[in-house]
Amino acid sequence: MERTLAIIKPDAVAARSTGSILQRAEAAGFSIVAMRLVWLSKTDAEGFYAVHRERPFFSDLTTFMSSGPSVVLALAAPDAIKRWRALMGATDPAQAEEGCLRREFGRSIENNATHGSDGSETAAFELNYFFRGLELG
Ligand code: GDP
């Protein structure tokens, strides 16, 4: 079993897509280990995306991520990191394959509905950013 940190981003929560995305995650075989609704501050979002601070879209991204509540999730499955990223699809919803979450629920390269850790070190950092050890069991 592997764990990954997933986020239902503010655009998808505002669009009331949370239930549909959770259903898709469970149907694809992910177990929900921990889950919380959080309204990130700009500083919280900057800390979460610190690796992107040199990217040109960093300011827009952190403004978007602090624009409303998100749902943060610890998901578990065999090969969870790779499989959750495959279920999300490409960063840009227009490039994501048919049937992927970002294709279905995303609106733009920034408002792309979901996040997923991109590797095991990132997953460890991101899970720890949102959840205490106790909550992860
Ligand atoms: P991911 O791993 O697929 O989420 O993609 P990245 O790590 O490259 O980017 C992190 C997040 O920044 C993405 O999920 C988007 O929300 C946002 N993002 C990525 N590229 C762009 C861009 O070119 N412009 C803007 N405004 N946001 C972007």
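Some notes on this structure:
- As a ratio to 2.2 N^0.38 Å, the alpha-carbon radius of gyration computed for segment 11-100 takes the value 1.16.
- Rounded to the nearest 20 debye, the dipole magnitude of the chain is 240 debye, with +1 charges on Lys and Arg beta carbons, -1 on Asp and Glu beta carbons, and the Cα centre as origin.
- A simple count of charges around V33, restricted to other residues whose Cβ falls under 14 Å of its Cβ and scoring Lys, Arg +1 and Asp, Glu -1, yields -1.
- The P(r) of segment 78-137 has a tail past 16 Å containing 50 percent of all C-alpha pairs.
- Taking every DSSP helix (H) stretch of at least 4 residues in the chain, weighting each as -39,500 (n - 2.57) and dividing the sum by the residue count yields a mean residue ellipticity at 222 nm of -11000 deg cm²/dmol.
- Mean Cα-pair separation over length for the chain, i.e. relative contact order, pairs under 8 Å, 6 or more apart, %: 36 percent
- With bins 5 Å wide beginning at 0, the percent of Cα pairs of segment 39-79 falling in each bin runs 5, 25, 25, 17, 12, 10, 5.
- Listing F131, F125, F105 from fewest to most neighbouring C-beta atoms within 10 Å gives F125, F131, F105.
- Using the Cβ of M65 as centre and a radius below 14 Å, the other residues enclosed give a net charge of -2, where K and R count +1 and D and E count -1.
- When the alpha carbon coordinates of segment 1-62 are projected onto the principal axes, the ranges are 36, 30, 19 Å, largest first.
Each value in this text was obtained by applying a stated rule to the coordinates, not by laboratory testing. Since we're looking at a predicted model, the values are computed, not measured. Because the Cβ atoms are built from the backbone with ideal geometry, glycine has one as well, and the counts that use them run over all protein chains shown.
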